[in-house]
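Written out below as structure tokens is the structure these notes cover.
The values are calculated or read from the model by the stated rules, or taken from the named source; none is laboratory data. Just so we're clear, the structure is a prediction, and the values are computed from it rather than from any experiment. Note that each Cβ is placed from the backbone with ideal geometry, even for glycine, and that neighbours are counted across all protein chains shown.
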Amino acid sequence: MDVGLILQADWKFRIEHKGIKIYSSKVNGSDIHGFKGEAEIEVSLKKLISLFHDMPSYNRWVHHLVEMHVLDNSDPVEYVVRQIIKTPWPLQPREVIMRTGLTSAGDNSVVLTMKAEPDYLPGNPEYHRVRHATGMWVFRPTTEGRVNITFVMHIDPGKDVPSTLSNAGMFEVPFYSLNNLKTLLKDAAYNPRYPEEIEQHISILDDTADTL
């Protein structure tokens, strides 16, 4: 995944609210637009990485997440998860199986890549299995104790969801996820374990103490 190419795509600014900027972009071969959310948060890079490895707490910030199960975490910087996403009645809940990888992007930036693996498990008739989803989270430390976060995603929820409905509601996902993430990181009682084992694969230079 070419991080620079994706971030420099033809993104159109849509709205800014509570310090979160939302953009959209057309995607070749799809009627469903991609989205990008950006925010700068007062947090250390290590605590942010810790949050993304704290999978039992994902339901506290990921928008419309109903369930999440880790299917494979044998590699400290790559894992496979299964997510159940709430959808409006009468649509079936969406089931997304995603392979996620953590890599360095240079200049002490870190990228969390995401790609759907729809055939990882047999289908479940209770859910609609999402066939296409790809995205990434980019963490770029700016000034001391602050990180710029960019969340990019393109997801096709299925033919039973009109593209007009998907495009109309897509701004909710980056906004609420980023806003919930900010709220959780401001909670003084929230102190997830930092996964020291990732430093066997990625050098994390920022160990600035949180100012929250």
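Side notes on the structure shown:
- Note on segment 26-56: residues that are closer than 16 Å to residue 184 by Cβ, surrounded by fewer than 16 Cβ atoms within 10 Å (Cβ to Cβ) and out of contact with any strand residue (DSSP E or B) (no Cβ under 6 Å at 6 or more places or on another chain) amount to 1.
Let's see how each residue does on (1) buried (at least 16 other Cβ atoms within 10 Å of the Cβ); (2) more than 18 Å from the chain's Cα centre (by Cα); (3) at pLDDT 95 or above; (4) at positive phi:
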position: 121; (1), (2), (3), (4): no, yes, yes, no
position: 145; (1), (2), (3), (4): yes, yes, no, yes
position: 171; (1), (2), (3), (4): yes, no, no, no
position: 205; (1), (2), (3), (4): no, yes, no, no
position: 210; (1), (2), (3), (4): no, yes, no, no
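- Residues (assigned to a loop (DSSP other than H, G, I, E, B) and either at pLDDT 90 or above or polar (S, T, N, Q) (or both)) located in segment 189-203: 189, 190, 191, 192, 193, 194, 195, 203
- Among the residues making up segment 148-169, those that are part of a strand (DSSP E or B) and either surrounded by fewer than 17 Cβ atoms within 10 Å (Cβ to Cβ) or under 15 Å from the mean Cα position of the chain (by Cα) (or both) are 148, 149, 150, 151, 152, 153, 154, 155.
- The residue that is farthest from residue 31 (Cα to Cα), counting only those in segment 120-165 that are of a type in the set (D, E, K, R) and in contact (Cβ under 8 Å) with a residue 12 or more places away in the chain, is 144.
- Qualifying residue in segment 123-135 (condition: closer than 25 Å to residue 201 by Cβ, crowded, with 18+ Cβ neighbours inside 10 Å, modelled with pLDDT under 95 and of a type in the set (S, T, N, Q)): yes
- Residue in segment 38-49 that is over 28 Å from residue 143 (Cα atoms) and either touching a residue at least 24 places away in the same chain (Cβ under 8 Å) or in contact with a Ser or Thr (Cβ under 6 Å, 6 or more places away or on another chain) (or both) present: no
- Some residue of segment 143-150 being farther than 22 Å from residue 92 by Cα and of a type in the set (Asp, Glu): yes
- Listed here are the strands (runs of 3 or more DSSP E) enclosed by segment 62-121 that have at least 2 residues being of a type in the set (D, E, K, R): 65-75, 78-85, 94-106.
- Annotation note: of 31, 10, the sole residue that is farther than 16 Å from residue 155 by Cα and either outside any strand (DSSP E or B) or free of Cβ contacts under 8 Å to residues at least 12 places away in the same chain (or both) is 10.
- Qualifying residue in segment 82-89 (condition: closer than 24 Å to residue 190 by Cβ and among the hydroxyl-bearing types (Ser, Thr, Tyr)): no
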